[in-house]
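The values are calculated or read from the model by the stated rules, or taken from the named source; none is laboratory data. These figures come from a predicted structure and were not determined experimentally. Here the Cβ is made from the backbone with ideal geometry for all residues, glycine too, and neighbour counts use every protein chain on show.
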Amino acid sequence: MAQVQIAIIVGSLRQDSFNRKLANAITKLAPTEFSFKQVKIDDLPLYNQDDDDHPAQPVKRLKTEILASQGLIFVTPEYNRSIPGVLKNAIDHGSRPYGHSVWAGKPAGVMGISIGSTGTSMAQQHLRNVLAYLDVPTLGQPEVFIQSKEGLFDATGNLEESSNKFLQSWMNKYVAWVKKHAA
């Protein structure tokens with residue numbers, strides 16, 4: 001099978017982000033024909049419709065990387081019961097101008113981690129609403145709401161065994177989802 005490129009969009013800019021750690025850990029669970037690229041979103045200007053005809057270089061890069069991918073994984077923290085502004089900004093850039101969305105038809109998975117007991121459930125629900133509008137087929141089950149706790153990640157960034165086992169089952173379903181929808 002040919003290499004399957006997956007774009008990972010992490011909605012956190014923090015250097016020691018739990019969500020970036022989760023994004024890095026999840027890639028280790030994929031089959032060898034899947035490769036991953038974390039898409040850089042921290043340098044995107046704020047979306048402004050006036051710029052649609054002359055997008056900044058970081059916007060062009062974002063769109064090129066999404067178009068080159070066969071699937072998406074969104075790893076989002078939860079800010080004030082929703083998705084971070086930087087993630088929404090990236091989604092808005094990729095969806096514009098109207099009728100030229102780079103997201104449409106790309107199979108996606110959604111997950112997140114936070115210190116709260118409900119993980120990132122509200123952020124993920126908001127993100128799923130946005131993705132549905134943008135015609136992004138999104139894996140529904142299993143949902144991944146992880147609460148960060150001491151010992152979740154080891155010194156090399158691997159997840160502890162029970163979380164790793166759960167995420168392996170998620171990855172198996174995600175791989176099947178991508179193969180079904182990217183064909």
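Things worth noting here:
- Qualifying residue in the range 55-78 (condition: assigned to a helix (DSSP H, G or I) and closer than 17 Å to ILE113 by Cβ): no
- Candidates VAL39, VAL10, VAL59, filtered to the one that is aliphatic (A, V, I, L, M), surrounded by 14 or more Cβ atoms within 10 Å (Cβ to Cβ) and touching a residue at least 60 places away in the same chain (Cβ under 8 Å): VAL10
Yes or no, residue by residue, for (1) surrounded by fewer than 18 Cβ atoms within 10 Å (Cβ to Cβ); (2) touching a strand residue (DSSP E or B) at 6+ places or on another chain (Cβ under 7 Å); (3) modelled with pLDDT of 85 or more; (4) of a type in the set (S, T, N, Q):
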| site | (1), (2), (3), (4) |
| --- | --- |
| GLY109 | no, yes, yes, no |
| SER117 | yes, yes, no, yes |
| THR120 | no, yes, yes, yes |
| PRO142 | yes, no, yes, no |
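- Check on ALA155, under 17 Å from the mean Cα position of the chain (by Cα), surrounded by fewer than 18 Cβ atoms within 10 Å (Cβ to Cβ) and among the hydrophobic types (A, V, I, L, M, F, W, C): no
- Close pairs (6 angstrom Cβ cut-off, 6 or more residues apart or separate chains): on the phi < 0 side of the Ramachandran plot and assigned to a loop (DSSP other than H, G, I, E, B) in the range 129-157, among the acidic types (Asp, Glu) and modelled with pLDDT under 95 anywhere: LEU152/GLU160
- Filtering the range 13-36 to residues that are of a type outside the set (S, T, N, Q), surrounded by fewer than 16 Cβ atoms within 10 Å (Cβ to Cβ) and either without any contact (Cβ under 8 Å) to a residue 60 or more places away in the chain or not in a loop (DSSP other than H, G, I, E, B) (or both) leaves ARG14, ASP16, GLU33.
- Annotation: SER163 fulfils all but one of (1) within 17 Å of VAL75 (Cα to Cα); (2) modelled with pLDDT of 85 or more; the unmet one is (2).
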